[in-house]
Amino acid sequence: MKLYIYQHCPFCLRVVLLRGLKRLDLPVQVLLENDVETPTRLIGRKKVPILQKADGSAMPESMDIVRYLDAQFAPPLLTAAERPEIDAWSERASGLIFRLAVPRITRGDFAELATPEARAAYIEREIRAFGDLEALLAATPEMLAELAPLLDELDDLIPPPDSALGESDIRLFPLLALLSIVKDARLPPRVATWYNTLRTRSGLDDFSAQAQ
Ligand SMILES: N[C@@H](CCC(=O)N[C@@H](CS)C(=O)NCC(=O)O)C(=O)O
């Protein structure tokens, strides 16, 4: 089996998190952002993550891959019930977190942006999605002010760090990992403890070393 990802991709981070938490011996290949051929050959479109299974078939969609890997490699890890309040928070906060993280990712050190052509392709894709990236960067203080009360709400919702994990946790973690590239973003105490516990347990590097 092999997992194809972009390092910055929050959907890929869901699978990378599960892989780390379960200590799966699953090779990872980072595709270049301008590599259209590989994902299209595997799943008919340019989207990651993709899991290439042992029989050669390819599976798209992060949560399908997460469920497949969790079922395939016993014991199952994601045993907690869904947490609708956490999922609702993730839905509500994700747009703002993407707008904070994306302009920084375009300047960042990521394997999928290793060539000028790959970085140009990524910047073009994100301008199509988010418009003027410089304007987004300039709006950082306002966006952080909007995020602070949301994070405080999350602090009241977050489960204890030693609780059983479920799919809601797998969806939440990558959003907080994306925030690690935003220099002035601060997690409130319980969220920080939850995040750092999962980060340590999974052995994942986040983007704090290149926070801007
Ligand atoms: N619903 C998909 C979303 C995956 C997705 O949007 N991946 C983005 C990277 S974050 C992608 O591959 N985009 C490539 C493109 O649009 O060119 C999942 O959960 O796996």
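Quick test for you: out of 45, 83, pick the one residue that is closer than 19 Å to residue 198 by Cα and of a type in the set (Lys, Arg).
Testing whether each residue is closer than 19 Å to residue 198 by Cα and of a type in the set (Lys, Arg) leaves just 83.
Looking only at segment 14-36, which residues are in contact (Cβ under 8 Å) with a residue 12 or more places away in the chain, β-branched (Val, Ile, Thr) and not in a helix (DSSP H, G or I)?
28, 30
From the set of residues in segment 136-180 that are loosely packed, with under 15 Cβ neighbours inside 10 Å and within 13 Å of residue 94 (Cα to Cα), which is farthest from the chain's Cα centre (by Cα)?
146
Right, residue 69: touching a strand residue (DSSP E or B) at 6+ places or on another chain (Cβ under 8 Å), within 23 Å of residue 82 (Cβ to Cβ) and either open to solvent by less than 20 Å² (accessible area, probe 1.4 Å) or among the acidic types (Asp, Glu) (or both) or not?
yes
State the number of residues belonging to segment 88-115 that are open to solvent by less than 30 Å² (accessible area, probe 1.4 Å) and not small (Gly, Ala, Ser).
12
How about segment 61-174: which helices (runs of 4 or more DSSP H) wholly inside it have at least 1 residues that are free of Cβ contacts under 8 Å to residues at least 24 places away in the same chain, under 30 Å from residue 36 (Cβ atoms) and within 16 Å of the ligand (Cβ to nearest atom)?
So the answer is 62-72, 84-106, 116-130.
The values are calculated or read from the model by the stated rules, or taken from the named source; none is laboratory data. Computed from a prediction, not measured in an experiment: that's the story for all the values here. No Cβ is skipped: glycine too gets one built from the backbone with ideal geometry, and neighbour counts run over all protein chains shown. When the accessible area is computed, the model is the full protein with side chains, heavy atoms only, and any ligands, DNA or RNA have been set aside. Shrake-Rupley method; radii C 1.70, N 1.55, O 1.52, S 1.80 Å.
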